[in-house]
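As C-alpha cells, the structure follows; a few thoughts come after it.
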Amino acid sequence: MKSFITHLEHFLELGGIKKEIAFLAIAGIALIASIFHLSPLPFDPAWIAIILCGVPIILEAIIGLVTAFDIKADVLVSLALIASVCIGEDFAAGEVAFIMQLGALLEDLTVAKARAGIEKLVHLTPQTARILLNGSEKTIPAQEVRIGDILRVLPGESVPVDGIILSGQTSINQAVMTGESLPVDKEAGDEVSSGTVNQFGAFEMKATKVGEDSSIQRMIRLVQSADAGKAKIVGMADRWATWIVVIALTAAALTWIISGEIIRAVTILVVFCPCALVLATPTAIMAAMGNATKHGFLVREGDALERLATVKKIAFDKTGTLTYGKPEVIAVKALSPEFCPEDVYSYTAAAEQFSEHPLGKAITASYLQKKENPLLKAEHFEMLPGRGVLAFVNGKSVLAGNLELLKDHGVSISDCSDIDAFLKEGCTVTYTAIDGRLAGCLILSDTLRPESRNTIAALSRIGVQAVLLTGDNENAAQKIGSQLQILEVHANCLPEDKLNYIDSAQSQNISLCMIGDGINDAPALKKAVVGIAMGGVGSDIAVDAADIALVDDEVKELPHLMALSKRMMRTIGLNLTFSMALNFLAIALAITGILNPVVGALVHNAGSVLVIINSAFLLNWKKTK
C-alpha cells in the first residue's frame, strides 16, 4: 500500500508535458480496453479517457464563457462530448477528448522543440568562476564576480562572464551565441562571452560585464519575452472559431430537426470543432521562431514575423550595422621626404600603444594586425586630452594627434591637399610629427562588414528595397551607398530625422523595417513596423526597443529571415485552408449520415495532427538557391 501511495505521489508531482503524456497513455489504454471489452471494471473504461482528457476541456470552456464570454474551440468540443455521452456514445466521447488532447500535446512538443535552441541558454549559464586573488586561485559562484576581477578559465570550462583575455591562447566554441559549429581562435585582447566554452588552452581574463549585463543573461531575458500568443493571426483564428461555433450549432439543430436523428447532429458537432484552425497557427509561429534562432535571431514578439512578411523596405543604420563600427587604418601618407610611410606607421603605432583613446587603440591594433614587426619601445608617454599623445620612440619625440596638437607645439604644416579627399569621404586623420617636423599621417575609416554587399543584393532579389539612414556626412554616406548599391541614402540624420522618415513611409502605406544598434536608433526601432537590433554590439536600449535581436551581428542571415516570415504566412494560410475544407467536407458527410461520431472524430482530429506536423516543418526550413 505504501508503495502504491509513493508511486501516486510521484505521478501527481509530474508537471507540464510529462503529466500530459501520462494522462494520454492511461486514456489510450482505457480506450483500447473499451474497444475489445477487456476491462474487468463495472463501467465502460472509455469513461477514464472522458475524465482525464475531457473534463479539463469542459472546465476550460466553462471558465472562458463565465469570465469573459469567450467562445472558442473548447466550447464546441465540450458540446460534442456532452452530446455523445447523452446518446450513449461513450467511446466516441472518450475518443474526441483523447485526440483533442493528443493534438494539444503535439503542439506543446512542437513549441518545446522550437524553443529548445534558445532555452538551452538558461541551462548553460555558468555556475562557478575561478578568481585570482593575491596570486592564489579561488572558486566562487559566478554571480559573485565583479567588473575588473581577474579570472582563469581552464580547457572544457564555460566562460563565466563577459570579458577580455589578458594572457593565453585558446579556441572558443561560440555555438551557443552565434550558431557557428567551428571554434574561434582567441588570444590576448580578444573578447569572450559568458556561456561560450573554452576548447583547448587555459587563459586569464578581466571581467567587463557581469550578472544581468552579461551576454548570456541578456539573451535569456530576450528568450523569456518571446511569446507567440501576441500574434495578430492567432486573434483572427479565434474570431473565426467564434463564428464556426455558431454555424456548427445551427447546422446540428437543423439536421436534427429535418432528419430526426440526433446522432447526425452530434457527429456535426464532433467534426466541426475548429481545433486545427486554432492549434496550428501558433505552432507555425513558434516553429518559425525556432528556425530564426538557429540563424542568429531572437524573436521577442510572435507577431513580429507576421509583420515582417509585409515589409517592402528595410532602413539600415550604417555604423555598427553595415560596418563594424570600429575604425581601422586604411592608408598611410608620408608628408616629408625624410620619412617613408613605414616609418610614419611604426612610430605612430608605438607612440599610441599606451593611449586610452579609441583612435589610438585602433592605430595600434591595426599595426599589430597588418605588420609582422613588433611595436617599437615607447617611453615618457603623455596623454594630451583633446589633442593626441606625446612619447619618445627610439630616442625621438613623437607627436600623434590632430592639427591643433601640431600647432600647439609649433610644427609647421605643409600642403595637405591630397588628404582632403579622405576627409570628404568621412575618414579620420591622425597627423604625426617626429622631432618637431611633420612626418606624415594615418587615415582611419570604418570598414564594411564583408557580408553587407551580398545581403543588400539578396534583399533586392526577393523584392525588398534597402535604405540607408545615417548620421554621417553626405559624402561618407554616398560612398557607402555606392559600394553597397543602395539607391536611397539619407545623411546627417538625427534620431528625429530617422523617426520622421519612418512616419512618412507609413503615411504612404509603405511597410518598413528598421535595423540599427545604437541608442540613437531606439526611437526608429520602436516606430518601425519591425525593429531589428544588433544584439552583440547594440546598446541595451536599442535591443529593448526592437522586436527582433540579431545575436551574432552578422546581417548575412537577414534575407533568410525575410523569406522565413513569408514562408510562415504561407504555411499558416495552408493550415487554415486545409482545416476549413476538411471541416466542411466532414459536415457534408455527417449530414448525409455517412460519418458517425467515432469516425468523424478520427477524420477531423487527424486533420489537426496533419496541420501541426506541417507547421513543424518550418523548424528546419531553408530557402533553396
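Laboratory data are not the source of any read-out in this text; all were calculated from the coordinates shown. In this text, all values refer to a predicted model and were calculated from it rather than measured experimentally. Cβ coordinates were reconstructed from backbone atoms using ideal geometry, including for glycine residues, and neighbour counts include every protein chain displayed.
So here's what we get for this one:
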quantity	calculated
Cβ-Cβ FRET estimate between Q169 and Q508, R0 fixed at 51 Å, reported to 0.05	0.40
Ranked T128, T624, criterion: other C-beta atoms within 10 Å, fewest first	T624, T128
Gyration tensor over alpha-carbon atoms, segment 465-620, equivalent ellipsoid semi-axes in Å	47, 16, 14
Whole-percent pair-distance distribution, where bins are 5 Å wide, for the alpha carbons of segment 324-448	2, 12, 24, 27, 22, 10, 3, 0
Sequence-distant residues sharing a close amide H with V184 (under 5 Å, placed H)	I172, N173, Q174
Distance histogram in 10 Å bins (all Cα pairs of segment 15-67, percent per bin)	24, 41, 27, 8, 0
Amide N proximity, segment 36-65 versus C86 label position 7 Å along Cα-to-Cβ, cut-off under 18 Å	55, 58-59, 61-62
Subset of K294/K527; K209/K526; K377/K556 violating a 32 Å alpha-carbon distance limit	K377/K556
Computed lengthening from F617 to L376, 0.36 nm per intervening residue step minus Cα-Cα distance	80.9 nm
Segment F69-A588, extension gain: residue separation times 0.36 nm, minus the distance between their alpha carbons	183.9 nm
Reachable aspartates and glutamates, given that their alpha-carbon falls under 13 Å from the alpha-carbon of K138 and they are not under 8 places away in the same chain	D149
Net length gained if the chain between E204 and H409 were fully extended (0.36 nm per residue, minus Cα distance)	69.7 nm
From phi via Karplus (6.51, -1.76, 1.60), per-residue ³J(HN,Hα) for segment 552-562 in Hz, x at Gly/Pro	8, 6, 9, 6, 4, 8, 4, x, 5, 4, 4
Hits among aspartates and glutamates - C-alpha to C-alpha of K424 under 16 Å, sequence gap 8 or more where chains match	D446, D472, E474
Dipole moment magnitude, nearest 20 debye, segment 128-223 about Cα centre, only Lys, Arg, Asp, Glu C-beta charged	220
Using a Förster distance of 25 Å, the FRET efficiency for T624-R453 (Cβ separation, nearest 0.05)	0.70
Amide proton proximity set for Y324, modelled H, under 5 Å, gap of 5+	T447, R449
Rg/Rh (Cα only; Kirkwood hydrodynamic radius) as it applies to segment 128-223	0.94
Whole-Hz ³J(HN,Hα) from phi, Karplus 6.51 cos²θ - 1.76 cosθ + 1.60, for segment 359-365, glycine and proline x	5, x, 5, 5, 5, 5, 5
